[in-house]
Amino acid sequence: MKKVEDIAEKIRTMEIRGAGRIAKAAAGAIRDYAAELDVVSMEEFDTRIRDVSDLLISTRPTAVSLPNAVKLASKYSSGNVEEARQEIIENANRFIERADRALEMIGKIGARRIQDGDVIMTHCNSHAALSIITTAFEDGKDIKVLATESRPRRQGLLTIRHLNDFGVPTSLIVDSSVRYHMKEVDKVVVGADAIAANGALVNKIGTSQLALAAHEARKSFMVAAETYKFSPSTIVGTPIEIEERAAEEVIDPAVLAELPHVQVKNPAFDFTPSEYIDMIVTDVGIIPPAMAYTVIKEHLGWELGDL
Ligand code: RUB
């Protein structure tokens, strides 16, 4: 249990972050827990796996990759402890391999839509979006990137480091300058924490203002999203919760304490409506947002949404 609690804490404190990484870490945690679980009765096995699944799912509310990964990894049909344990180990490994392959496929497919000379704007730190950008660069395309800082956690610094390591010419920009810079941009490429059944995107706060500015300037807005980032729960009516994070990410608590009439609002994600999205690059191909329901039905199964 200690190892799972450590992973849960790392996800909660964002030492492990980004929807894809969170999903893989959770699947790996369930696998390792099941592998070492020392119980004799099936009832106890069921309870312990359910408790651990609930613990992991509770760590961050928005990235749907987390409950999807946990539910796919922790599935078993056998009524025998040893067989059920083996099923979980295999399901978790399959999920992790699927996630790695998906990143590679998204890179290959998305890179075909990047042209020589393109200037690409990206937001936050998305491994799926970066897979497209670095694949296009490695294919020999002459591209430049504008990467937002992504306040308050400044995940943009991870992005510029990653791009720098590949040698991609990159400019760091502040979040409030996205509309100012949009005239230089050819394409916006961002990742996803969740995609709803209606094709709306949930991603790092500020994503919707990139989409709005791109729409106004008639620039293409691409989302890079593995199929496991689509949300089955939205089909059965559950809204995607936007995580509200602590005030101290934005302001020194000592300063805030001196301001009794001030509160901080710090939502970590926002919604981008489907009409601002030109395409979603997934591991099973490029789709329009209107096809989100089909992806959920064919690649996840909407029963994952817990009626
Ligand atoms: C990260 C974020 C990323 C998506 C996609 O938010 O919004 O754009 O998770 O990332 P946080 P990836 O830092 O709060 O987790 O493509 O790597 O899954």
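The values are calculated or read from the model by the stated rules, or taken from the named source; none is laboratory data. This one's a predicted model, so the numbers in the text were calculated from it and none came from an experiment. Every residue, glycine as well, gets a Cβ built from its backbone with ideal geometry; the counts of neighbours run over all protein chains shown. Calculation scope for accessible area: heavy atoms of the full protein, side chains included, ligands and nucleic acids excluded. Shrake-Rupley method; radii C 1.70, N 1.55, O 1.52, S 1.80 Å.
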For Y180, tell me the accessible area in Å² from a 1.4 Å probe, rounded to the nearest 10. 150 Å²
Looking at the stretch 179-271, how many pairs of lysines come closer than 15 Å at the Cα, when each pair is eight or more places apart or spans two chains? 4
May I ask for the distance between the Cα centers of the stretch 196-246 and the stretch 120-151, given as a whole number of Å? 18 Å
Which order do you get for D118, D46 if you rank them by accessible area with a 1.4 Å probe, largest at the top? D46, D118
Within the stretch 147-178, backbone nitrogen closer than 13 Å to the virtual label 7 Å beyond the Cα of A254 toward Cβ: none
Based on the alpha-carbon set only, what is the convex hull volume of the chain divided per residue, in Å³? 145 Å³
May I ask you to order 255-264, 281-290, 170-179, 74-83 by the average number of other C-beta atoms within 10 Å around their residues, highest value first? 281-290, 170-179, 74-83, 255-264
Taking a probe of 1.4 angstrom, what is the accessible area of F271 in Å², to the nearest 10? 100 Å²
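Sum -39500 (n - 2.57) across every DSSP H segment of at least 4 residues in the chain, then divide by the residue count to get the 222 nm mean residue ellipticity, nearest 500.
That calculation yields -13500 deg cm²/dmol at 222 nm.
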What does the convex hull of the Cα atoms come to per residue for the stretch 7-87, in Å³? 75 Å³
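Sort the following peptides by mean Cβ neighbour count (other Cβ atoms within 10 Å, averaged over residues), highest first: 221-228, 95-102.
Sorting 221-228, 95-102 by mean packing, highest first, produces 221-228, 95-102.
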